[in-house]
Every structure is written in C-alpha cells, then in structure tokens.
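Following: one structure in structure tokens, then a few remarks.
Laboratory data are not the source of any read-out in this text; all were calculated from the coordinates shown. Because the structure is predicted, anything quoted here is derived from the model rather than measured. Counting neighbours? That spans all protein chains shown, and the Cβs are built from the backbone with ideal geometry, glycine included.
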There are 2 protein chains.
Amino acid sequence: MRSTMQDTPLTVPHFLHRSAAYFPDRHIVTTTPSGTRRSTYGDWATRVGRLAGALDELGVGAGSSVGYYGWNTASQLEVYFATVCTGRVFHSINARLPADHVGYTIGHAEDEVIFVQKSLLDGLGAVIEKGHNRVKQVVVVSDPDDDSPVVDRTLDYEAVLSAASPVGLSVADERLPASICYSGGTTGLPKAVVYSHRALYLHTMSLLQTDNVGISESDVVLPLVPMAHANGWGLPQAAVAAGATLVLPGRDLSGPKIAELIASEAVSVSAAVPTVWTRVLPELAGKDTKAVRELCSGGSAASARLMDLAREVTGRPLLQVWGMTETGAFAALARERSKDAAGRAAAVRASQGFPVAGIDMRVVDPDTRTPVPRDGTTIGELQCHGPSVIASYHDDARSPEAFTVDGWLRTGDMAVVDSEGCLRLVDRTKDVIKSGGEWVSSIDLEHALLAHPAIASAAVFGVPSEEWGERPVACVVPHPGMALDSDEVLRHLSGRVAKFWVPDRVLILGALPTTAVGKIDKKALRTTFEKTDT
Amino acid sequence: MRSTMQDTPLTVPHFLHRSAAYFPDRHIVTTTPSGTRRSTYGDWATRVGRLAGALDELGVGAGSSVGYYGWNTASQLEVYFATVCTGRVFHSINARLPADHVGYTIGHAEDEVIFVQKSLLDGLGAVIEKGHNRVKQVVVVSDPDDDSPVVDRTLDYEAVLSAASPVGLSVADERLPASICYSGGTTGLPKAVVYSHRALYLHTMSLLQTDNVGISESDVVLPLVPMAHANGWGLPQAAVAAGATLVLPGRDLSGPKIAELIASEAVSVSAAVPTVWTRVLPELAGKDTKAVRELCSGGSAASARLMDLAREVTGRPLLQVWGMTETGAFAALARERSKDAAGRAAAVRASQGFPVAGIDMRVVDPDTRTPVPRDGTTIGELQCHGPSVIASYHDDARSPEAFTVDGWLRTGDMAVVDSEGCLRLVDRTKDVIKSGGEWVSSIDLEHALLAHPAIASAAVFGVPSEEWGERPVACVVPHPGMALDSDEVLRHLSGRVAKFWVPDRVLILGALPTTAVGKIDKKALRTTFEKTDT
C-alpha cells in the first residue's frame, strides 16, 4: 500500500501567497529617522514579484546568492522573499562582524548581487574591492529621508524595482537552499549554515504554535534581532505566515526609541538579546504596554534582575528562548507548564526550558553518548536533532567535529536536565572550568554575581593554575554611577557559592567586549586578563 | 550550494516520544460504563512499545494493515500508535457503516489482524466470515467491567500485551503509509484515503497553532469524533504531540453523559458533528463549563440556533471547522479576525472561514479553473491543494474524476468567496439545484428553514421539473412536542428568500436519514420523496 497524499513541497512562497491572499491590508511598518513608513502585505507582495523580475534582469541565476547589508526594514523583507521565493539563496550580511569577516562571508556565500543601505555603502565598497568574491552588482537602498543622487557604479533600488516586470513566485523542491546565515564564533572565521526551504517552513510553522511563541494574526511582531541572526530568529517570516502586523525597527535600536515603538505600535511579540532588553525595558516604565504578550530573550542567559524588570514594566515575564543558528532559532523555550506552582514556574523561567515540538534534544556524556540521569545536577553535552537542525557546515573543514557519529549536532553547551526534562545550561564546552577535579559553572557563578545590586554585567572564565589545574576569574561591570570593588564582590559571593567557586581575582571593567552576535567575548577577556595579570 | 540541514523524516513516533519524555504524568482518561479509567502518557508509551512487540509476534509484517473496531478509548490509542510507529498501517473501522461496507473496507484495506471491543465481536465475526479478506487473527479488547472468559479462536488483548516484549518505535521514511481512512460517500462503496506519516505530522503540527485550534499542554482534549473519521479529525494525535490531557469518551455519546464529562474533566477542547452538539449542548446548561475554550463543529453546517446555544451555555461561540477525510480534517476554520466588528464576526462564524496555514484553496469555474471573483455571490467549485491533501484514492477506479488536471482535489463543494477571502459553502456539487437557469442554494435554503423556531433539522434537494428544469423540495423535522405544517413553513420562507427559491413541496418528517459519517443522506431522502410523490 502506498500513501495517496499530494507531494506538495514545503516551501517559503506559501507564506507570502497566504498573507497576500488573506491579509492584504495588514501593515508592515518600518521605522525611519523621521518617523515610520507603512505598507501592506498586498503592496509588499506586488513589489516582491517585481523585485524577483529584477533579479532575473540582473542575471542572478537559480541557486545563486543575493546579499543584503542593512537593518531590519521592509526593503530587506522584500529582498529576502524575492530571493528565496525564486529558488535563489538569501544572505543577510552581519554588519556587526569585523570588516575582514564581512568580506569573508560575502566571498564564501558567493553573493552575486548585494543590496545595501546607502549609509553603509562606503564601508561595503571597501570590503568588496579588497576581497575575493563574485559580486557583480551593488544595488543601493536609499534611506527614506535621503534623496541624494545615485552613487557611481551602483544601481538605485527603487529604479531597479520600477523598471522590472513581475514574475511568479514558487519553488519546486523543499530541499533547495533558501538562505545562508553565518554563526558567529568567538574563535576563527564565521561558519555557514544553509537553510533549506523545508527547514525554514517547519521552523515557521512551529513559531505559530501556542506552546511555542504562538504568532497569530492578532499579533504585532517587532523583530529586534537582526535578520543576519538566523533570519531574525525566524520572526519576520512567521509574522508573514500568520498575517500578523510586522514592525521593523530600522537602524536605531536605542532604548528610548524601541520603548516608544513598542508603546505606539501596540507591539505584542518581540525578541532580542539581553543586552538590548537591558536598555529597552527601563524605558518602558510608565508606558502603555498592555498589548505586550511575549518578550523573548535569547542568545545568552537573562539575569534575574532583567526578568524582574520585565514583570515590573510590562506585567509579563520575559520568555527565554534557546537556540542557535545551527538549530533554527527557537529550539527550546523556558515557559512553565500550566499546572506548575509559582516557585517551579520561576525556576523554569530562569532555565532553558523544554524543546519545542519537532526538535529532539539529549544531554549526554560526550564520549559514550549515554544520557545523563535526570537529576538536575549531572552535567552532559546538549545535542540536537531535527528537520531544522544542521547536519554539517557549508564548505568548512571544521564541520565534522560539531557532529556525533550518529548525526546529532553537538551544541557546545553543557547542561543538566531535571526530573521533568527541563534543561538548564551550565557552561559552554569551551568555557568549562575544572578546579581540583571539580566542575565550576561559569554561568551559575555569573548569575550569583548579577544578584549584586551594583553589578550590571559579569563574565567568569578559567585561568591555568599549577595547584588546581584551573581557577575561576571574574570580570564585572558596575551599573553607571555605582561604586564597586573586588572585596565587596568577593564578600557578596561567599556563602552564596561553594568556597572553591569563589574566583581568585575580580576585575572591575567599564564594559565587557562582545562578539558580532552580541555575546560576551570571553576570548577577548582572557587576553585583557593576561595583560593585567602582572 | 546545497542545504546543510539534517534529513530527519517527519514521522508520527516523534509525538509519542515527546509526550513520554516531557509529559509522562499527564492523563489519558477513558470513559467506561461504570466510571472512568486513567492512565498516563508514560504508562501508555510503555504499553505501546509492548504492543508493537506483540504485532511482530502476531506476524504482521512491515506495511501491513491492522484494524480496530470499537470506540474512542485508550486501547484504540495504543493500537493506533503501536501500528503507525512501527511502519504498519492503521485502519479504524467505521462501526456506523452498513455491514457489507464494513466487510468491504476490511478486505480493501487488507487488514491482517483486527482488534475489536468485545461487545462488537459478534457483529464483526459474521462480517469477517462472509467477506473476502486477509484477516488471520482477531484480538478482543474486553470492556473494562467485563471479566467473562476469552472467546474461542480469538486472543485476549491484555494477555497478548503482557506476553510481549517491547520493541523500538521509529519510522525511517515520512512518505510511508501510516493510516487508511474511508470517506463515507452517499453513493457507492466508501473510498480509501491513505495518509502518509508526513501528512499526519504536518496536520498535527497545524492543530497546535494558535490560529488553528491551538492545542496546548494546558488543554484537556475530548475527541467525540470517532477515530474512523480521519483519525478523530487528528485531535487524539495532536493531544499526544502537545502533552495535553486526553479524554476518550468510549461508547456512550449521549447528551447527558458527554455534558457531565465536559464538566467533570474540565474539558477545554472538543470536536463533533452538529448532531452530537445538538444533544450535548442543552445538557451543558447550568454545568461548570469555565474550562471550555473551543468546541469545534464540523461535517455539516451548524444552525444559527446551535451557534446561539453554544454561547448561552458555555459563553464561547462554536468554532466551525471545514475539512474532509481527503484534506486532513482541519482545512479551514470559521474564526473571525482580531479586528472584526461584531457583525462581521458573526458572519465569519456562520461561514467556513479561512484556510489554515499549509493548505491552499481556490474557488473556480470547474471547467476553466478560473478563480471566481471575490464578490461573495459568484459560485464556483472549492478545490484544495497541500501536503495533507490527497492526490488520488487508494485502489479505486473512481479516483480520476475527483482531481483536476493540475493536481488539485475537487472537493465536491460549491462555494463563494468574499472580498477578504472568507469561504462560504452554498451546495454540494451533486446537490446543486438549477431552477429556470438560476441557482438555488440548498444550504442557504436549509439555513432559512432552520431559522423557524419549530424546525429542528431541514434538508433541501432538487427534483426534476418540466417547466423549470429542477425545483427545490424541502424535508423538515419539528422539535419534539412542536407542531408544524407545510403552509406554516412556506409562510415562514416567503419574504426571507427569493420567490423562485420557495420549495414546491415541504414534507414534515420524524427524522432525517443520515450517512455513516453522520451527514444528512439526500439520496435516501429523494427515494422517500419519490415514494410519497403521488
């Protein structure tokens, strides 16, 4: 007996056609320096069709890559869908990478045409000239309030669009590549993940589920996460699929600006890294946040202070999401179960929670692949499996080490699992500190540090010790205007953590260095430490 | 460039493993004649593993079919998952089909083993003896309060289970058949739909979406729809996937019993045909229904009276769902958009609404396949496309006529679409009435009849007319204890509908004949009418 079902591919164009057919009047809002610009899914879909025609005219072949260098705007959403929905590969270039890494990704992704926001053109031009790449055309997207003339040897986005004829949007094979994203490591060059239509489709469908973030047509979605990070953690595409109103924040992600946007557009769902929430949440105090339903935080752990602040200013707890470029963004969610008591709910909210439907996770001994007991204390490596998880990196010799022999992704995170299956990350594999044969969790120690009222951010890492093998060292940043010294920090820790966890040294810094994806750069900190370790 | 994603198949075992790993203590409740029986997803998953071992021992090969003849119970859920999660094909035999059709489906599905509830064994035995089939073993599931001895030449379910050793549950290919369901036509033998793992997986994931019915771990799900109808419209499997509490109603679907169950188990989501809601809703009056979130009604249109009653007794509107065995059950949902005013909301609730994400629908001229204008009045044929829609019937010569040359399913429903894309069915293709070249909507006419306070149910069909080609005729059933005559009915209609819509004759009947899937059997009514047409 054979199945009698249609062999319909799971591809991204379905989402565009759905919003155009059933939500043509819903808004796409883009913040500009002087206000906001509004369009609708109906008009947007028409422009995407024309832009797809323009890609034909620019000679971008099937399967070729198109780059976008800029902020989260309606233009980027247009280029994304015009590229992906015609069987080409979209590359949102990460503007926060160092210039040589930007150049590397443009060459590695084999971008043939790059769309760039005008204010970023100068920087990009230099990178393209210097690097080995296949870029044959640059199309400049003018900033909304800028009517300066077209730059030499580039094309103007609106001119290209209006000259083009629309073409149909469809993709026949769900396993075709749709988008390439670079995973920002703290060491070495970025590694490339190539999402298939199937992976993006399934991740999007998952974001619409109630026990995931549950994007609905009734939502107003504000993706603060840049498109270069796993396509804005998939939220822009999920908003299109659901017919939700989409608010794109443009360039200015300052606290007051974003807080104002959340209030004025009645945003219900947003997502950002803790660093962004740290500057946005205080500005929400006293503003109208009654539309807020889920503020998602991911990329690194949110502090207890940040969790409390979210509740204070919005009445809703922050929703921690765990995921990587390599897993699709939303792989686990820290939402309590409906029957959990308050204490348990708080514990779950502070953890990484439970895998979403469609993702398999295991925490295992990395050598034997035996699952650790569900005791909440035994540490193992978190590994992932599923249709939106990668099997390899694209064109990268470092690929094999990230996967097990049975095909699971080694996340590089060390975790514990409690009796209900709730995950808690305790360390990055490479940040693991072993002192006298005992484990020191840098993450738990950072949380203990962040519980001090004067500490704004904290990072813990291990340094070699002749006596103990390794010893923890802490770097902390005080809140603006607050005084702090090492002794005070050590006093704060004693009694809160095991004695052997108390760091040998505490450095007070003005800021912590971050990587291109907004995570604390411990490698840079180690260098700083070595310089000061006299 | 190639995608770097894992090639993980979309298969049903994922849902079982998820509930066993993350919701092992959630309940599966089955109603028995004397009360309820409770198990948990953890215990259930263990029994499913053992039952899968038993299927090996019974000699059921990979890809072979296993039948179940009985009610919605924990046992049927066990047999379903043990069969499907080992690459075999599950067949829930429709107990409401006439005996010769039951025999036909058992032979056509090539069931090798049939599990049967003891009270149904006598009937089944006769059917198996008489028919051409491959049944080599019958396993009897005792009714919970029955400890009578094992019947000759059959096996006892619990004995089979306890003797078996557990085996692993996994399926390597998402395109393998998982379940066969028969679509009950009003004419001819039932037609077979063979669902793939992929189709069931995607339909299940869709049911978890907020703008679909949004099954969550916080839900208590009561599938009143029998498993034989598109696997209970997919709700049991969606409950497993989400980790929701699952309440299985067993044999007794009487109004008082189900109303009591909804109150005592704090049911939040349920689904049934209007006939069932007609007897359940009145019994809910005065009961605790505060847990109720969505009562879904499908299979045929709910009357305005039934919609009002749902609001009265539960405070929540009925959610009309449209789908067929051929489309996966939940293909369209009649839920208003978040910004709709009350009038518009009521109109949407009374329609078939909008397709769920993942399903494509079009309403077209059946000859040219040109979409009808979105004017809410031009009638066309509703056609469906998507990964959970069928491409053919299994082993059936009648297959081709149900599909267009470009591969869409012809649903056999005539519909209109309004300017926002909202669907409204106006007729079954085969029920279409054309009087003097003008269309008469039997569905709209039935709705007009149901607006009369004394009319409980109504059916309209066309009869040949020399002068007009066809003329409508109506059959109506009065509410118990209410008087009604044809003149009163005709008076009621005049002014409410176009003059040429007013039926030539009105028959008052005690009940309307229904098909095996609970729909009004217009073919039988035509026969009745011909006999009375003297």
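So the values come out like this:
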item: B:S179 long-range amide H proximity, modeled H, under 5 Å; result: B:F90, B:Y195
item: Amide H partners (placed H, <5 Å) of A:F115, local residues excluded; result: A:G67, A:Y68, A:Y69, A:V139
item: The protein assembly as shown - charge dipole about Cα centre, Lys and Arg +1 at Cβ, Asp and Glu -1, debye rounded to 20; result: 800 debye
item: Helix B:274-284 axis, angle to chain B major axis (alpha carbon atoms, nearest 10°); result: 80 degrees
item: Pair A:D375, A:K290: separation of 7 Å Cα→Cβ label points (nm); result: 5.1 nm
item: Given charges at beta-carbon only (K, R positive; D, E negative), |dipole| of region A:339-493 in Debye; result: 480 debye
item: Among beta bridges that DSSP assigns inside the protein assembly as shown, antiparallel share in %, nearest 5; result: 60 percent
item: Prolate/oblate/rounded call for region B:432-532, Cα gyration tensor, a/c under 1.5 rounded; result: oblate
item: Unit charges on C-beta of K, R, D, E only; dipole of region A:416-499, Debye; result: 80 debye
item: Gyration tensor verdict on region B:375-470 (Cα atoms; rounded if a/c is under 1.5, prolate if a/b is larger than b/c, oblate otherwise); result: prolate
item: Pairs of Cα atoms farther than 42 Å apart, the protein assembly as shown, %; result: 44 percent
item: For residues of B:101-108, the mean tally of beta carbons on other chains within 10 Å; result: 0
item: Per-residue HN-Hα couplings for region B:9-24 [Karplus 6.51, -1.76, 1.60; θ = phi - 60°; Hz; x = Gly/Pro]; result: x, 8, 10, 5, x, 3, 5, 4, 4, 5, 5, 5, 7, 10, 9, x
item: Across the identical copies, how the B:D56 labels are spaced - nm, sorted shortest first, 7 Å along Cα→Cβ; result: 5.6
item: Per-copy distances of the A:S338 label point, shortest first, in nm (7 angstrom along Cα→Cβ); result: 2.1
item: Nearest-ten-degree value, helix B:41-57 long axis tilted from longest Cα axis of chain B; result: 80 degrees
item: Relative contact order (percent, whole number), chain B, Cα cutoff 8 Å, 6+ residue spacing; result: 10 percent
item: MRE, 222 nm, helices only [DSSP H, n ≥ 4, -39500 (n - 2.57), over chain A, to nearest 500]; result: -8500 deg cm²/dmol
item: J(HN,Hα) series, region A:244-250, from Karplus relation 6.51 cos²θ - 1.76 cosθ + 1.60, nearest Hz, glycine and proline x; result: 6, 5, 10, 10, 10, x, x
item: Which of B:P478, B:G53, A:V167, positive extreme of dipole for the protein assembly as shown (C-beta unit charges); result: B:P478
item: Extreme residue, positive dipole direction of region B:432-532, given options B:G518, B:G436, B:T528 (C-beta unit charges); result: B:G518
item: Gap separating the Cα centres of region A:427-443 and region B:239-303, nearest whole Å; result: 53 Å
item: Integer Hz, Karplus 6.51/-1.76/1.60 couplings in order for region A:402-410, x for Gly and Pro; result: 8, 10, 7, 5, 9, x, 8, 6, 7
item: Shielding by partners, peptide B:211-221 (average Cβ within 10 angstrom, other chains); result: 4
item: Teacher prompt: B:H17 distances to equivalent labels in other copies, 7 Å Cα→Cβ, nm; result: 3.2
item: Nearest 10 degrees, 0 to 90: helix B:197-207 Cα axis against chain B principal axis; result: 60 degrees
item: B:I262, A:I258 arranged by Cβ crowding within 10 Å, fewest neighbours leading; result: A:I258, B:I262
item: Taking A:I520, A:I379 and counting other C-beta atoms within 10 Å, the order from fewest to most; result: A:I379, A:I520
item: Cα gyration tensor, chain A - rounded (a/c under 1.5), prolate or oblate; result: prolate
